[in-house]
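Read the structure below first, then the notes.
The values are calculated or read from the model by the stated rules, or taken from the named source; none is laboratory data. All values reported here derive from a predicted model rather than from experimental measurement. Glycine gets a Cβ as well: all are built from the backbone with ideal geometry, and neighbour counts include every protein chain shown. When the accessible area is computed, the model is the full protein with side chains, heavy atoms only, and any ligands, DNA or RNA have been set aside. Shrake-Rupley method; radii C 1.70, N 1.55, O 1.52, S 1.80 Å.
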Amino acid sequence: MVYYLILTAIPFAIVSAFCIHWYTISEESDPTSRLKISRGVYFGFSFQVLVFAWLLFQMGHARFSYPLYAIAFSMLGDWFNLQFPLAKKYMKDPVLGGIFSFAIAQVFFILAFQKLISWTELYSGTQSYLVTAVLLILPAVIFYFRVYNPERSKWVMASAFVYGLVLCFFVSLCINAYLLYGGVWVYLAIGAGFFLLSDAVMGETTINGTRHPKWEFQVPWVTYLIAQCLLLIGFFLVSHTRMIAH
């Protein structure tokens, strides 16, 4: 019973608090000003997700270590992406540091996934390969038309593209696992989908650098928080379920 209270109450509190914060800054129309007054709050939300991951690690022990590392590197990526003065002092474009940090986080998510299911088990039919192929090709096309900006740093563009491929591969793993087994795997599939949505919006706005809608930072952040929480819930429930089954 305690498990389910933690799995539902903490994520609900985090996302609800963000929505309340979003409402309080609704009158501020400039996205840059919104970021300036919100970066400390957003980093606080990132820390709350890390605490949530740590709690699940304490309940899941060593088999939950990789998701915890993934959230830790995600928090580092948040620090870069929020463009704190210290990050801007040592990096011309802190977003690049964010991309590298999140790429490492995705690698840890993939390693965590591999602990739950083997490649041979997952890729046992044509459908799995097709899903992965679509999720690698389609985002690449979208990147070319909606994210790529030749005026921006080549390092940022190349890193964002490679990161997108790693993320999409992870998303394909989660979707394939859900299509194969259903059940609690749905949390990983939906969480990965929200992660892709969050980064897609950020790619079209912040990474592209030419589009700055009012909600430039809020939409990626709320979908990101939902994604992180759902992934943590998914990894915990799936690992718990498969441990009981075996």
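Hydrophobic long helices, here whole DSSP H runs in the chain with Kyte-Doolittle means of at least 1.0 and Cα atoms spread over 20 Å or more along the helix axis, are found at 2-24, 94-116, 126-142, 154-181, 185-202, 218-245.
Shown here: Rg and Dmax of the Cα atoms in Å, derived from the displayed model; of the candidates (i) 17.9, 54; (ii) 19.0, 64; (iii) 18.5, 61, it corresponds to (i). For the chain, the 222 nm mean residue ellipticity estimated from helices alone, with every DSSP H stretch of n ≥ 4 adding -39500 (n - 2.57) and the total spread over all residues, rounds to -27000 deg cm²/dmol. For the chain, the relative contact order works out to 22 percent when only alpha carbon pairs closer than 8 Å and six or more residues apart are counted.
Which of Lys154/Lys214; Lys36/Lys115; Lys36/Lys154; Lys89/Lys214; Lys115/Lys214; Lys88/Lys154 have a Cα-Cα distance over 30 Å?
Details: Lys154/Lys214 26 Å; Lys36/Lys115 40 Å; Lys36/Lys154 26 Å; Lys89/Lys214 26 Å; Lys115/Lys214 41 Å; Lys88/Lys154 18 Å.
Checking Cα-Cα distances, Lys36/Lys115; Lys115/Lys214 exceed 30 Å.
Look at where the Cα atoms of the range 179-246 and of the range 5-41 average out, and the two centres are 17 Å apart. Spin-label pair His240-Phe47: with each label point 7 Å from Cα along the Cα-Cβ axis, the two points sit 2.7 nm from one another. At 0.36 nm per residue, minus the direct Cα-Cα distance, what do Ser29 and Leu5 gain on full extension? Give it in nm, one decimal, please. Gain in length upon complete extension: 4.9 nm.
Between the C-alpha center of the range 86-113 and that of the range 44-84 there is a gap of 13 Å. For the chain, the solvent-accessible area of protein heavy atoms averages 49 Å² per residue (probe radius 1.4 Å; ligands and nucleic acids excluded). Here the accessible area is traced with a 1.4 Å probe on the protein chains. For the range 1-64, carbon and sulfur cover 71 percent of it.
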